[in-house]
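Below you'll find the structure, written out as structure tokens, and then a few comments.
The values are calculated or read from the model by the stated rules, or taken from the named source; none is laboratory data. Note that the structure is predicted; figures quoted are calculated from it, not measured. Heads up, the Cβs are rebuilt from the backbone with ideal geometry, glycines too, and the neighbour counts pull from every protein chain shown. To get the accessible areas, we keep the full protein, side chains included, count just its heavy atoms, and leave off ligands, DNA and RNA. Shrake-Rupley method; radii C 1.70, N 1.55, O 1.52, S 1.80 Å.
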Amino acid sequence: MRGERIRERSMVPRAEPQSYYGQPVLKEPVWTPEIPFYFYTGGLGGSSAMLALVAELRGNSKLARRAWLVALGGVTASPALLISDLGKPSRFLNMLRMFKVTSPMSVGSWILSGSGAFTAIAVGSEFTGLYPALGRAAKVNAALLGLPLATYTAGLVSNTSVPVWHNARFTLPIVFAGSSAASSGAAAAALTPLRHAGPARRLAVGGAVTSVAAALTMEKTLGEIGEPYSRGVSGKLTRLAGGLSLAGAALMAARGGSSRGAAIAAGAVITAGVITERWAVFRAGFQSANDPKYTVGPQRARIERGETRGAARRAQAGA
Amino acid sequence: MPSHKLLELETHSWPGSYGDSAEPRMGFFTDTSICIGCKACEVACKEWNHVPDSLQGFSGKSYDNTTALGANDWRHVAFIEQRKPLGAEAAAEDLVQAAERASATDGWGLQTYQDGEGVRWLMASDVCKHCTSAACLDVCPTGALFRTEFGTVVVQEDICNGCGYCVPACPFGVIDKREDDGRVWKCTLCYDRLREDMEPACAQACPTNSIQFGELGELRERAEKRLEQMAAAGQTEARLYGADSEDGVDGFGAFFLLLDEPEVYGLPPDPVVTTRNVGQVWAGVFAGAAALGAGIAAAFIGGRK
Ligand code: SF4
Ligand code: SF4
Ligand code: SF4
């Protein structure tokens with residue numbers, strides 16, 4: 001039977017999935033270079049707010065005050081970067097027309113707006129001494145919203161059809177949690193006198209190591225889909241990010257507690273490392289979307305394993 | 001009002017949110033086996049919808065110089081040249097079958113896509129699938145993308161803020177940003193014409209009826225018959241793509257009859273709406289947030305302060 005012959009033939013594993021002249025199935029993201037920097041500033045602002053709150057609760061006000069200022073810097077830079085991506089300020093307001101849980105960008109816009117407002121109130125109250133009760137409430141809210149502010153961006157990119165992002169929906173938030181911790185720790189360690197900066201240094205080192213380890217785990221669990229992290233631009237950025245983060249962490253751990261200069265240098269290297277990490281993730285999405293094999297390969301494999309029939313169906317046999 | 005198979009065709013907000021003003025769910029059945037690659041559909045779409053031109057020049061990809069769907073190409077005719085002997089005659093086991101198939105090709109125009117000398121030409125006019133579960137619509141933070149009373153998926157250009165989320169969300173790479181105005185554009189299934197009881201421009205222009213417009217339920221029945229006819233004529237490679245409610249996007253509003261695997265036409269073989277996993281996405285986000293909180297707390301343990 002002819003039909004059977006064809007089926008047999010298509011069972012032979014193909015080296016490369018079929019495609020239309022090698023063209024992508026997906027559209028690559030249209031996001032501008034502001035976006036990976038926003039991943040960084042959002043993580044920095046969100047994580048710094050929680051760092052500040054915990055420092056304050058522990059009676060370390062030198063660290064707390066500096067972390068609050070860093071948090072304010074992060075949540076102020078974030079909407080500026082987003083507006084620059086969108087083209088004009090009024091376009092950001094359209095984000096707040098609704099609240100949609102199927103859209104992490106929608107939920108994230110509310111988180112960012114809330115974080116921004118609470119952090120501004122918290123910092124205002126902290127540095128003027130006005131409205132202390134309101135200030136305390138704002139601090140708690142800013143810190144609590146800061147945590148998802150740091151990780152929702154991982155969910156945002158995971159909630160697309162881009163395989164290298166979508167299939168990392170459990171691992172990428174850990175990468176982002178690690179790099180956010182590292183960013184806030186690095187900034188606070190550089191700005192705070194040595195004697196008060198212990199927790200910031202530990203956060204910087206722990207965050208940097210976590211981010212590198214989580215990125216490796218992510219790449220491993222992605223299997224073939226994770227290939228962009230070892231190829232092309234994203235591959236280079238991934239290796240650079242790992243090197244910078246670990247070198248910065250080593251310097252911070254070895255000398256950050258005894259020399260302010262070393263703490264500043266280590267903070268700068270870690271910051272460069274985590275920004276590079278955000279860029280590696282961003283570029284990996286483009287590489288993943290642009291090669292049809294990452295889209296077609298796993299889908300075809302699902303069909304061949306019999307997990308799904310896929311979207312195409314032939315006539316019933318013998319019909 | 002939508003009749004029989006209503007439940008199967010139902011989407012998240014159609015017909016529910018429209019109440020009495022819901023119209024039947026409308027769609028396309030694009031039967032690529034009778035497409036002749038004339039591109040009248042592409043041209044008619046551009047003309048009616050004032051879509052800016054998008055001259056790509058010579059692409060080197062057979063007669064395709066549109067190359068892909070995009071902000072300025074809402075219909076795209078793909079051309080595939082296959083160097084394999086797959087005409088009805090080459091496939092026939094014996095002369096009797098060959099004769100039967102030859103008469104079938106005469107009867108139903110199966111011949112349109114093939115050429116001599118062992119080359120098979122496939123042509124297919126691609127378009128937005130108007131998915132039952134549409135990722136573009138689900139992820140849109142502004143509500144610019146919405147479900148119409150006809151069950152189709154349309155962008156409201158006055159609300160779109162160009163955030164671009166829908167672009168990598170679409171599992172088919174349909175919707176895209178127009179560079180000069182920063183907003184996204186795609187097929188509207190001629191929403192304006194539907195409201196005037198007119199059929200979409202591409203369907204009206206198509207000379208072979210490769211593009212068939214109508215109530216989705218009826219189109220599915222028609223497609224089923226066509227598939228069986230073709231199978232009976234020995235065209236076992238024919239397949240329906242997106243005609244069932246059980247696929248990863250719960251069925252297409254614009255579905256196809258193809259003559260090879262979807263990926264050969266640049267279509268994903270098993271598209272899944274990304275928001276099917278949105279619960280896992282949020283679980284990941286909150287696990288990450290909790291880990292971050294725990295890490296910050298841990299940084300204060302063991303130190304002096
Ligand atoms: S094909 Fe893409 S653009 Fe069209 S409705 Fe489906 S998800 Fe949206
Ligand atoms: S680009 Fe426009 S249509 Fe697409 S998700 Fe953003 S607001 Fe919605
Ligand atoms: S779908 Fe119809 S109008 Fe479009 S290229 Fe094919 S035959 Fe021509």
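If the condition is being over 20 Å from A:P29 (Cα atoms) and either open to solvent by 20 Å² or more (accessible area, probe 1.4 Å) or within 9 Å of chain A (Cβ to nearest Cβ) (or both), then the range B:55-75 contributes B:L55, B:Q56, B:G57, B:F58, B:S59, B:G60, B:K61, B:S62, B:Y63, B:D64, B:N65.
Do we find that A:L69 is open to solvent by 40 Å² or more (accessible area, probe 1.4 Å) and outside any loop (DSSP other than H, G, I, E, B) in this structure? Spelling it out, A:L69 is indeed open to solvent by 40 Å² or more (accessible area, probe 1.4 Å) and outside any loop (DSSP other than H, G, I, E, B).
Has the range A:125-136 got at least one residue that is modelled with pLDDT of 95 or more and either buried (at least 24 other Cβ atoms within 10 Å of the Cβ) or within 13 Å of the chain's Cα centre (by Cα) (or both)? No, the range A:125-136 has no match at all. Consider the range B:134-144 and keep the residues that are open to solvent by 10 Å² or more (accessible area, probe 1.4 Å) and touching a Leu at 6+ places or on another chain (Cβ under 8 Å). The one that is farthest from ligand 3 (Cβ to nearest atom) is B:L137. Scanning the range B:176-187 for residues that are within 7 Å of another protein chain (Cβ to nearest Cβ) and modelled with pLDDT of 95 or more yields B:D176, B:K177.
Answer with yes or no whether A:G206 is at pLDDT 95 or above, out of contact with any strand residue (DSSP E or B) (no Cβ under 6 Å at 6 or more places or on another chain) and open to solvent by 10 Å² or more (accessible area, probe 1.4 Å). Full working, then the answer.
Working: at pLDDT 95 or above: yes; out of contact with any strand residue (DSSP E or B) (no Cβ under 6 Å at 6 or more places or on another chain): yes; open to solvent by 10 Å² or more (accessible area, probe 1.4 Å): yes.
Yes; evaluated as a whole, the condition is true for this residue.
Collect the residues in the range B:120-151 that are near ligand 1 (Cβ under 8 Å from one of its atoms) and outside any helix (DSSP H, G or I), keeping them in residue-number order. Lay out the reasoning, then the answer.
Step one: list which residues in the range B:120-151 are near ligand 1 (Cβ under 8 Å from one of its atoms), which gives B:128-131, B:134-137, B:145.
Residues satisfying the conditions are B:C128, B:K129, B:H130, B:C131, B:A134, B:L145.
In the range B:244-265, the qualifying residues are those that are within 11 Å of the chain's Cα centre (by Cα) and among the small types (G, A, S), and the one that is farthest from ligand 1 (Cβ to nearest atom) is B:G251.
Looking at B:L227, B:L240, B:L219, which one is more than 16 Å from ligand 2 (Cβ to nearest atom), at pLDDT 95 or above, surrounded by fewer than 24 Cβ atoms within 10 Å (Cβ to Cβ) and not in a helix (DSSP H, G or I)? Give the derivation first.
Details: B:L227 fails: not in a helix (DSSP H, G or I); B:L219 fails: not in a helix (DSSP H, G or I).
None of the others qualify; the one that does is B:L240.
Checking each residue in the range A:158-175 for being within 8 Å of chain B (Cβ to nearest Cβ), in a helix (DSSP H, G or I) and out of contact with any Gly (no Cβ under 6 Å at 6 or more places or on another chain) picks out A:S158, A:H166, A:L172.
Going through (1) more than 9 Å from chain B (Cβ to nearest Cβ); (2) over 25 Å from A:G223 (Cα atoms); (3) in contact with an Asp or Glu (Cβ under 9 Å, 6 or more places away or on another chain) one by one, A:S259 falls short only on (3). Restricted to the range B:152-209, the set of helices (runs of 4 or more DSSP H) holding at least 1 residues that are within 16 Å of ligand 3 (Cβ to nearest atom) and not assigned by TED's automatic domain parsing to the domain that holds B:F28 is empty. Selection within the range B:216-233: residues that are within 14 Å of another protein chain (Cβ to nearest Cβ) and acidic (D, E). The member of this set that is nearest to the chain's Cα centre (by Cα) is B:E224. Filtering the range B:152-197 to residues that are within 11 Å of ligand 1 (Cβ to nearest atom) and among the aliphatic types (A, V, I, L, M) leaves B:V153, B:V154, B:V155, B:V167, B:A169, B:V174, B:I175, B:V184, B:L189.
For every residue, the table says whether it meets (1) assigned to a strand (DSSP E or B); (2) farther than 13 Å from A:Y21 by Cβ; (3) modelled with pLDDT under 90.
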residue	(1), (2), (3)
B:V51	no, yes, no
B:S54	no, yes, yes
B:T67	no, no, yes
B:A78	yes, no, no
B:P85	no, yes, yes
B:Q97	no, yes, yes
B:R101	no, yes, yes
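Of all the residues in the range B:257-301, those that are more than 7 Å from chain A (Cβ to nearest Cβ), assigned to a loop (DSSP other than H, G, I, E, B) and in contact with a Gly (Cβ under 8 Å, 6 or more places away or on another chain) number 2.
Pairs linking a residue in the range A:25-51 that is among the acidic types (D, E) to a residue that is open to solvent by 10 Å² or more (accessible area, probe 1.4 Å), with Cβ atoms under 8 Å and 6 or more positions apart or on different chains, are A:E28/A:F286; A:E28/A:N290; A:E34/A:L81; A:E34/A:L82; A:E34/A:S84; A:E34/A:D85. For the range A:100-123, the set of residues classified as at the interface with chain B (Cβ under 10 Å from one of its Cβ atoms) and in contact with a Lys or Arg (Cβ under 9 Å, 6 or more places away or on another chain) consists of A:S106, A:V107, listed by residue number.
Is it the case, given these coordinates, that B:I80 is more than 16 Å from ligand 2 (Cβ to nearest atom) and either more than 14 Å from chain A (Cβ to nearest Cβ) or free of Cβ contacts under 8 Å to residues at least 24 places away in the same chain (or both)? Taking the combined requirement at face value, the residue does not satisfy it. Of the numbered criteria (1) in contact (Cβ under 8 Å) with a residue 60 or more places away in the chain; (2) surrounded by 20 or more Cβ atoms within 10 Å (Cβ to Cβ); (3) within 16 Å of the chain's Cα centre (by Cα), the one B:K177 fails is (3).
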